[in-house]
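Have a look at the structure below before the remarks.
We did not get these values from a lab; they are worked out from the coordinates using the rules stated. If you're wondering where the values come from, they're calculated on a predicted model, not measured in any experiment. Here the Cβ positions follow ideal geometry from the backbone for every residue, glycine too, while neighbour counts run over all protein chains shown.
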Amino acid sequence: MDMLFAPPPPVLAATSDGRLFPVRRLFCIGRNYAAHAREMGMDDRDPPFFFTKWAEAVVPTGATIAYPPMTADFHYEAELVVAIGAAGRNIEAARALEHVHGYATGLDMTRRDVQFEARDKGRPWDAAKNFEQAAPLGLIHAAADVGHSTTGRIALTVNGDTRQDGDLAELIWTVPEVIAHISRYYALQPGDLIYTGTPAGVGAVTTGDTLVVSIDGLSDCTVTIGPAAV
Ligand code: MN
């Protein structure tokens, strides 16, 4: 039968060893560093929660991303990204790392003004979090090469100035706990990415800014903010 229009191309993330990781879905953990939870005005002992983004929100490191419409407060959030390599539902935390292919640096770009309005009105976060180019991603490093880090610096610079400077040891909910939690709601699949939350120091960007996310042992994720989307 005739196809009415061309299907979208697959979203393919690059790995550090020159292969392609087909991206399936994005899960993002909220408020997973105590200092960031406090700067958002929240208690840091809340149970984990997550939201989702479309795979097509992924853009590779090195990209220039458009300043999105419908916001005047476009924020960066530097995050450790977990790349799922094996399917599973109701995964036990003790065995969760068996489902991890690898790790990358990434950014959970956010329309902060839209998020706060949604939060205050008890509305969904979709328009605040899930939009074109909202999920920059560095190269994916295989856990077989880099291990499963539970400590290490996570930092973000804007035009060379350090704005976020935390440590993976500060994660409230660890990578295995996050995988276990999400897998109680969804059958995780190869290609799923989990953005694990951001340390304190989030802030606004403007056209022309260059953001660099660095995490010990992983390659950087670098993006430049371009002009408004047209
Ligand atoms: Mn985030």
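Annotations
- Region 84-169: GluC sites (Glu not before Pro) in DSSP loop, at most 13 other beta carbons within 10 Å: 92
- Where chymotrypsin sites (Phe, Trp or Tyr not before Pro) fall in DSSP loop in region 32-74, at most 13 other Cβ within 10 Å: 49
- Among the trypsin sites (Lys or Arg not before Pro) found in region 148-193, those both in a DSSP coil and sparsely packed, with 15 or fewer other Cβ atoms within 10 Å of their Cβ, are 184.
- Based on DSSP H segments of at least four residues, each scored -39500 (n - 2.57), the chain has a per-residue ellipticity at 222 nm of -3500 deg cm²/dmol.
- With the convex hull drawn around the C-alpha atoms of region 12-228, the volume per residue stands at 106 Å³.
- For region 12-228, the dipole from Cβ point charges (+1 on Lys and Arg, -1 on Asp and Glu) about the Cα centre works out to 580 debye, to the nearest 20.
- When you restrict to C-alpha pairs under 8 Å that are six or more residues apart and normalise by the size of region 12-228, the relative contact order lands at 34 percent.
- Mean-position separation - Cα centroids, region 40-103 and region 145-193, in angstrom: 8
- Local net charge near residue 186, Cβ-Cβ under 10 Å (Lys/Arg +1, Asp/Glu -1): +2
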